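Engineer: Just dropping this structure here.
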Amino acid sequence: MPVKRDNLLEKYSAKLYKNRKEHIVQLDGEDAKIAANTRAVPGVMTARGCCYAGCKGVVVGPLKDVCVITHGPIGCSFYSWGTRRNKARVEEGEQNFTSYCFSTDMQESDIVFGGEKKLEKAIDEAVALFHPKCVMICSTCPIGLIGDDVQAVAKRAEKKHGIKAIGFSCEGYKGVSQSAGHHIANNGLMREIIGTGDRAPENIFSVNILGEYNIGGDGWEEERLLKRCGIEVVSIFTGDGSYESLQNAHLAKLNIVMCHRSINYIAEMIKEKYGIDWIKVNFIGVKATIRSLREIAKYFGDPALVERVEEVIADELSLIEDEMESIRLKLAGKTAGIFSGGSRSHHYQMLLADLGMETVIAGYEFAHRDDYEGREVIPFIKEDADNRNIEVLRIQKDEGMYRKFHSPEKMEVLKDEIELDRYGGMMRDMDAGDIVVDDYNHFETDELIKGVKPDIFFSGIKDKHSIQKAGVVSRQMHSYDYSGPYAGFNGAVIFGRDVAMALCTNAWTLVKPPWHDEPMLVGELTGGESHA
Amino acid sequence: MSNLVNINVNPCKMCMPMGAAMAIAGFKGAMSILHGSQGCATYIRRHMATHFNEPIDIASSALSEEGAVFGGEKNLQKGLDNLIKMYHPQVIGVCSTCLAETIGEDLKAMIKRFHEKNPGSGASIIDVSSPGYGGTQNEGFFRALRAIVEQTVSGAPHKAREGGLINIVAPMISPADTRWLKSFLNEAGVRSILIPDISDNLDGVAQKRYERLKSGGTPLSDVMRMKSAEITLEFSEFISEKDSPGAFLRDAFGVPLLRLPLPTGLRGMDRFIDILCAYGGKISAEHAKERGRYLDAMADSHKANAKARAAVFGDPDFVKGIVSLCCENGAVPVLAATGSACAGFKRALGGEIEKCAQNAFAEGFEIADDCDFSTIEHFCGKLGANIMIGSSDGRRAAGRLGIDLIRRGFPIHDHVGGQRTRTLGFDGSLGMLDEISNSMLSRTEENFRRVIYNEHFKPLKEISKKERLESHPCFSGCASQNARIHLPVAPKCNIQCGYCKRSFDCPNESRPGAASKVLSPNEALERYKRFKKNCKNLTVAGIAGPGDALANFDDTRETIRLIKGCDPQVMLCLSTNGLMLPIYAAELIKLGVGHMTVTVNTVDPSVGAKIISYADFLGRRFTGEAAAGLLIANQLSGIKMASEMGAVIKVNCVALKGINDGCIEEVSKKASELGAYMVNIMPHIPIKGSQLECLEKMSVGELEALRTTCEPFARQMRHCRQCSADAAGTLDMDFFSASEERSAHQEFDTENTKRFAVASKSGIIVDQHFGHAEEFLIFDSDGASSRFVERRKISRYCGGAECDEEGKWAKILKALSDCDGVLAVRIGHAPEEKLRASGIVPIRACERIEGAVAAAAGSLREAESASAL
């Protein structure tokens, strides 16, 4: 396979080349190193968002019974209004604020004279109108600069209204991407919410699903599967999650982690404080789902549970096998590129493999080295000015609540059998010759498509249209193009159908990428296959 | 409801950099870079890409914490350098953001230094000051246009104008509308320079090779020529001078500026065409035909359009264009709303909408700037909007309201084709009009048979006793959301009770001391219809005086017939002293009266003689125990007859301390035995001038003890509100209180009105202490008559229970800022001073609101004219 990485980099100036070459890796079968979580290059179209987007948009936004107020001028709140397709259903007698957008709509005078008073009154109004149990305040760029103390306002609001109020200093410029916002949100949830409830799970096997944002209903599908197996879901961070359920998260027996990037802080902090172990799971893909379910069962170690899980797997498989096979016939041998935030690019490779497809390009917007290379690199990650500014909580063991499910000896045994308290990263699951790009930009996306010519490219709205203009099918991995769920057994079929439909639609027989141009008979509509 | 003061719930606006980036996209070879954190660019790219279905490249200087603290020049220089190396743009718009403006970045100086360091960059770099807190996308859009013109056009004013050259400045219109505008100008033979031209750049074609730098847009060389044009036409009447490119060209180069509405609808187009013709344009025969087609369609669909009650929202100029199109077609824009703070908005739209609303019998309309979607949704519900026109953010409200949303403007995120929506030109207007008409026709098609059938032909449904109990607020209790209306058609009474004074309503049934205006049966029907329209949960119509319903039986019967004829499903209810009940019971049942309230104060004639002084029965006056005996006998037999015939009976009993309190238990037993459903033991409220004026009032505890004693014999009512004879609404909320409605249709001198805030609990008389009022009723009066305007809650203006005294005052004054006076039963000294200091006259009053307000207005005007002399 020709080396495509160098073709990609050659167009850059010397300075830019120096920066970007560390972020672009062509795998060669050995353990690879990549630069990640460093500042984006100004002037290139990075796909990255900001700290506020990570805190409000990703982590706390989906909490349905929380009134999340954006403190700042109007834009940021508007742009983060319903743009992640998290689904949430209303609990009996409870409220669902996920379709609302609250902003303090700061004006010039508020920037000059400070916005604390306005924020305080905005909370008063929100409480009077909506009676939320919990209010969260997310700060945008100007807040830290003008010196508004959102934490102090939150404390005063708690006293005044007798509700929970949490301030997040997630100003857009903090850190280098959304990732900083995840960390700040994780800290706030850990400090203020987790451990404040006392509703113990009813079932002896209970889990929290961490890093599942219920895009397209993925969380619901996972919950359905787990319930079928006899495992209780105490809380979900945070898709279809709620303040109420997060309060009781410390009473679950095990944490299962979907999106490692956005939530690993909480997994680790809960482990330190309450002794709860975590395992990295992946419900995207049939084989991945089976592996995840088996590992959960193995962790609990109950023979009846193990048996039940096998029954469920067999039954669910029997329901999808035929359709998966027919989809595989259409998709086998196709190649894919996938760029997503910080975990999906790894998850979806498993599902694409189930469908007989190969992932040849993968990249992340805001992942850290551990997401690419595995958690064992964490001690070796260099701290820089940007990540030093993000607070690391000091966690102390909660002597009253701390408990271990397994003895240290048993843990040693289990560690060899399941992915316990660790994560191996994405690159190990990829093949030699594949290209991995960190903090990919618009230019590189275009060049990669021209150079690697994948059949389908999974990314987001910002590059979707240029990919399609290049004649390549695009599906949005952030919003699922309103489809889903893609998780679990049923989700695999839905995803497969979506991909097959996209690749085989007649439309793409007429809109062709340039390299498919010459031998085609223009204008002929064929029945199914896209490229003769 | 006005906008909340501090929280924006579901915003109807975006920020300045968004608008700036969109405007810059309309220039040839142009790209923008936002100086701030990278999230701004990412969010804006995402929103524009979803709307236009196009790749959107907006760069960012990607400031991090270091940049925020020490300044971001290094990042911006690097960003410009990279942008130029990778994309080779000819024009770069550098737009500031909240972050850059808050830390005070000097864009001009930075750009100057960039040019010094990179002399051969080949790019014109424009700086745009667009802080997110400085305005909405609309202001950002124009500010970017102005910046481009200001920083491109230079040199001395041209002496000779380029003959026939017209500058056109467009607000945010779609690429498709831009294409139309260009081709229209072209076909009219007008030479023009259009800024911005997003027709190709934001609506590209599928290409063999995708070009990163878009080839469309207005070239800067054209922008340079704008100074020599004969005139600038700016399709915005609202943007401020300082953000107007046309104003710059006028002030700096003497190019005349004409601001005009968007060419939407007949009048917008005619105006545009007139101007083009004045500058040498010619309208082709084909375009003349298009005008004819539009006129033809106006006539074809006017009946459907007249049913439309549209809520239009978006940028001010867009809203004005659509409002104009709606109005000329008789579709009433009951709500015109914009998220921008726009001073001239109300004034510019009011006259036209008012006229249209009157012609189409629409009851009301609202024009609101600085408006969020929670407010828009509220008004849509209140004003009965049946269609929304605007961006896709209206979809949530439209979904909840069950009405159509015609997607126009920006952003459209849930449909494809945002870049192809049309509102300009005859054809664009016509497409839009068809959508409005068709939405109305679909509604009619779905509903009209059912509506007409239900209104005129549906057979009466037997209403079971259970249903009757559940849907009558007096029987189903406090929690009831069912509303009732009392129709005051019965002024006369046939007995004289000791606690009653004839000049007021009957205290058996009504709030003591209040007097209702008596209505004729036809007036009662009109009031019923008006109320029914506004109150979907109206289930009961009742006649409760002001005298005795059965002492005025002809009017009572006529009223019942009229109401029943207009609304066969309504439940009818009536209250009486029972003297005539045996005579009319059968007829009442036949008329459909299902609920009756009979006031029985005693079943012992010797006690009764102490309560009533006489009874007039069939032309004879009985007095003393004979009167009491007759009344009791008729009450008891009447209750038995009516309840046997299926009516639900409530027995009212006025507890008179020392007179009948000993025999109320007996009343309860008897009532229950005869089939009454419940007994309502009411407190006696002493009325000045009545015979029992001095009787001590029974305490709440005593009353409760009485009810408990009687509980074993009969169901007790504990939620009685002692409503007035003209009450309307639910028990807890006389929301459409009759006083509001009474004054709604009076002749009114709108020129010389005074506005008053009234402290009133009842909504009928001024009966509250200023300091106790949680809300004020706002009335306007010209001195002769008065008109209810709205209710204002102080809590809306005051930030909660612990709001400090000073803060609360500020809020009260804010709430009352447009009032000339305040009416209350009493006002403390300090507040009185404060009100006076703010130019609000405090007035003590205790009579009916309308009268008090009119009198106050009269005296204020007198005082004014006296001081003027």
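Engineer: So, with a 1.4 angstrom probe, what is the percent of accessible area on segment B:483-729 that is carbon and sulfur?
Structural biologist: 54 percent
Engineer: Right, next: Solvent-accessible area per residue for chain A at a 1.4 Å probe radius, Å²?
Structural biologist: I get 36 Å² per residue for chain A.
Engineer: Taking a quarter of the surface of the convex hull around the Cα atoms of chain A, what do you get in nm²?
Structural biologist: 26.2 nm²
Engineer: Ok, one more. Restricting attention to the alpha-carbon atoms of segment B:362-406, what are Rg (one decimal) and Dmax (integer), both in Å?
Structural biologist: When restricted to the Cα atoms of segment B:362-406, Rg and Dmax are 9.9, 27 Å.
Engineer: Taking θ as phi - 60°, what are the ³J(HN,Hα) couplings along segment A:20-35 by the Karplus curve (6.51, -1.76, 1.60), each to the nearest whole Hz, with x for Gly and Pro?
Structural biologist: 6, 5, 6, 9, 10, 10, 9, 5, 10, x, 8, 5, 9, 10, 9, 8
Engineer: Stick to the Cα atoms of chain B, pair each with every other, and give me the Kirkwood hydrodynamic radius in Å at one decimal.
Structural biologist: Final number for the Kirkwood radius of chain B is 31.9 Å.
Engineer: Starting at 0 and stepping by 10 Å, how many percent of the alpha carbon pairs of segment A:257-398 end up in each bin?
Structural biologist: Bin by bin from 0 Å, the calculated values are 10, 29, 32, 21, 8, 1.
Engineer: Moving to a separate point now. So, taking all protein chains as they sit and a 1.4 Å probe, how much accessible area belongs to residue B:811, in Å² rounded to tens?
Structural biologist: Residue B:811 exposes around 40 Å² with every protein chain in place.
Engineer: For the pairs A:174/A:382; A:464/B:214; B:761/B:814; A:330/A:462; B:303/B:533, flag any whose C-alpha to C-alpha distance is greater than 23 Å.
Structural biologist: A:330/A:462
Engineer: Using the structure shown, list the pairs from A:4/A:33; A:4/A:287; B:182/B:227; A:4/B:28 with a Cα-Cα distance above 22 Å, or answer none.
Structural biologist: A:4/A:287; A:4/B:28
Engineer: To the nearest 0.05, what FRET efficiency results for residue B:846 and residue B:363 with a Förster distance of 30 Å applied to their C-beta separation?
Structural biologist: 0.40
Engineer: Could I ask something else about it? Using amide H atoms built in the peptide plane, which far-off residues or other-chain residues are under 5 Å from residue B:236 H to H?
Structural biologist: Counting only residues 5 or more places away or on other chains, the set is B:260.
Engineer: Which residues' amide hydrogens lie under 5 Å from the amide hydrogen of residue B:389, considering only partners 5 or more residues apart or on another chain, with H built in the peptide plane?
Structural biologist: It is B:311, B:312, B:313, B:406, by chain and number.
Engineer: What are the DSSP H helices in chain B that stretch 24 Å or more along their long axis, judged by alpha-carbon atoms, and whose average Kyte-Doolittle hydropathy comes to at least 0.0?
Structural biologist: Qualifying helices, which must be both long enough and hydrophobic enough, are B:624-644, B:849-868.
Engineer: Still on this structure: Expressed as a whole percent, how much of the Cα-Cα distance distribution for segment A:51-172 exceeds 17 Å?
Structural biologist: 51 percent
Engineer: Taking a point 7 angstrom from the Cα of residue B:109 along the C-beta vector, which residues in segment B:122-153 have backbone N less than 20 Å away?
Structural biologist: So the set is B:125-131.
Engineer: Using R₀ = 30 Å, calculate the FRET efficiency as 1/(1 + (r/R₀)^6) where r is the Cβ-Cβ separation of residue B:669 and residue B:695; round to 0.05.
Structural biologist: Calculated transfer efficiency: 0.75.
Engineer: Got the relative contact order for segment B:483-729 handy, in percent, Cα pairs under 8 Å and 6 or more residues apart?
Structural biologist: 25 percent
Engineer: Put a dot 7 Å past each Cα toward the Cβ at residue A:96 and residue A:204; how far apart are the dots in nm?
Structural biologist: Rounded to a tenth, the inter-label distance reads 3.6 nm.
Engineer: Whole number in Å², please: accessible area per residue of segment B:219-305, 1.4 Å probe, ligands, DNA and RNA not counted.
Structural biologist: 42 Å²
Engineer: Turning to a different aspect of this structure: Sorting A:5, A:308, A:497 by accessible area (1.4 Å probe), largest first, what list results?
Structural biologist: A:497, A:308, A:5
Engineer: What number do you get for segment B:31-108 when its Cα radius of gyration is normalised by 2.2 N^0.38 Å, N = residues?
Structural biologist: Rounded to two decimals, the normalised Rg is 1.08.
Engineer: Here is a further query. Taking R0 as 45 Å, what's the FRET efficiency between residue B:537 and residue B:859 from their Cβ-Cβ distance, rounded to 0.05?
Structural biologist: 0.65
Engineer: Could I ask something else about it? Which of the aspartates and glutamates could be linked to residue B:697 by a straight reach, that is with a Cα gap under 14 Å, when you skip same-chain ones fewer than 8 residues away?
Structural biologist: B:661
Engineer: Just read off the accessible area of residue B:774 with the full protein assembly in place, 1.4 Å probe, to the nearest 10 Å².
Structural biologist: Using a 1.4 Å probe on the heavy atoms, I get roughly 140 Å².
Engineer: In a Debye calculation with equal point scatterers on the alpha-carbon sites of segment A:366-466 and no solvent, what is log10 I(q)/I(0) at q = 0.11, 0.14, 0.21 Å⁻¹?
Structural biologist: Result of the Debye calculation: -0.62, -0.87, -1.24.
Engineer: Further question: For A:271, A:56, B:492, give me the order by solvent-accessible area with a 1.4 Å probe, most accessible first, ignoring ligands, DNA and RNA.
Structural biologist: Sorted descending by solvent-accessible area, the residues read B:492, A:271, A:56.
Engineer: Using all Cα-Cα distances in segment B:483-729, what percent lands in each 10 angstrom bin from 0 up to the longest?
Structural biologist: Using 10 Å bins, I get a P(r) of 8, 34, 39, 17, 2 for segment B:483-729.
Engineer: Then there is this: Using a 1.4 angstrom probe, figure out how much accessible area segment B:568-673 has per residue, in square angstrom, rounded to the nearest whole.
Structural biologist: 35 Å²
Engineer: Any residues in segment A:87-133 that have 30 Å² or more less accessible area with all protein chains than in their chain alone, probe 1.4 Å, and which are they?
Structural biologist: Buried by the other chains: A:99, A:100, A:101, A:103, A:105, A:108, A:111, A:118, A:121, A:125, A:129.
Engineer: May I ask you to derive the relative contact order of chain B, considering only C-alpha pairs under 8 Å and at least 6 residues apart, and to give it as an integer percent?
Structural biologist: Normalised by residue count, the contact order of chain B is 8 percent.
Engineer: Here's a follow-up. When every alpha-carbon pair in the protein assembly as shown is counted, what percent end up more than 45 Å apart?
Structural biologist: Counting pairs separated by more than 45 Å, the tail of P(r) holds 52 percent.
Engineer: Next question. With a cut-off of 8 Å between alpha carbons and a minimum separation of six or more residues, what is the relative contact order of segment A:121-215 in percent?
Structural biologist: Taking the mean separation of contacting Cα pairs over the length of segment A:121-215, I get 24 percent.
Engineer: Express the carbon and sulfur contribution to the solvent-accessible surface of segment A:45-176 as a percent, rounded to the nearest whole number, probe 1.4 angstrom.
Structural biologist: Carbon plus sulfur share of accessible area: 50 percent.
Engineer: Tell me the trypsin sites (Lys or Arg not before Pro) within segment B:99-167 that lie in a loop according to DSSP and have at most 12 other beta-carbon atoms within 10 Å.
Structural biologist: Filter output for segment B:99-167: B:159.
Engineer: Give the A-B buried accessible area in Å², both sides summed, 1.4 Å probe, nearest 100.
Structural biologist: Chains A and B together bury approximately 6400 Å².
Engineer: Taking all pairs of distinct Cα atoms, average 1/r, flip it, and tell me the Kirkwood hydrodynamic radius of segment B:165-278 in Å to one decimal place.
Structural biologist: 14.9 Å
Engineer: Right, next: Rounded, prolate or oblate: which fits segment B:16-152, taking a ≥ b ≥ c as square roots of the Cα gyration tensor eigenvalues, rounded meaning a/c under 1.5, else prolate when a/b beats b/c?
Structural biologist: It is rounded, given that a/c, with a ≥ b ≥ c, falls under 1.5.
Engineer: Name the lysines eligible as straight-distance cross-link partners of residue A:280: C-alpha to C-alpha under 20 Å, and not fewer than 8 places from it in the same chain.
Structural biologist: Reachable lysines: A:227, A:253, A:271, A:298, A:404, A:410, A:415.
Engineer: Further question on the same structure: Cα-Cα over 18 Å: which of B:532/B:590; B:811/B:834; A:121/A:159; A:117/A:160?
Structural biologist: B:532/B:590
Engineer: While we're on this one: In segment A:423-467, which residues become less accessible by 50 Å² or more once every protein chain is in place, relative to the chain on its own, using a 1.4 Å probe?
Structural biologist: The answer is A:442, A:443, A:461, A:462, A:465.
Engineer: Can you pull the percent of segment B:165-278's accessible area that's carbon plus sulfur, 1.4 Å probe, other chains left in place?
Structural biologist: Using a 1.4 Å probe with all protein chains present, segment B:165-278 comes out at 52 percent carbon and sulfur.
Engineer: Also, I was wondering about something else. Any chance you could check segment B:45-85 for residues losing 40 Å² or more of accessible area when the partner protein chains are in, compared with the chain on its own (1.4 Å probe)?
Structural biologist: B:45, B:46, B:47, B:55, B:64, B:65, B:82
Engineer: Take the Cα coordinates of segment B:302-444, assign each an equal point scatterer, and use the Debye formula without solvent to give log10 I(q)/I(0) at q = 0.15, 0.16 Å⁻¹.
Structural biologist: Debye output, listed in q order: -0.65, -0.75.
Engineer: With a cut-off of 13 Å, note down the residues of segment B:621-660 whose backbone N falls inside the zone around a label point 7 Å from the Cα of residue B:586 toward its beta carbon.
Structural biologist: B:641-642, B:645
The values are calculated or read from the model by the stated rules, or taken from the named source; none is laboratory data. Since we're looking at a predicted model, the values are computed, not measured. Glycine gets a Cβ as well: all are built from the backbone with ideal geometry, and neighbour counts include every protein chain shown. Remember, those area values only see protein heavy atoms, side chains included, never the ligands or the DNA or RNA. Shrake-Rupley method; radii C 1.70, N 1.55, O 1.52, S 1.80 Å.
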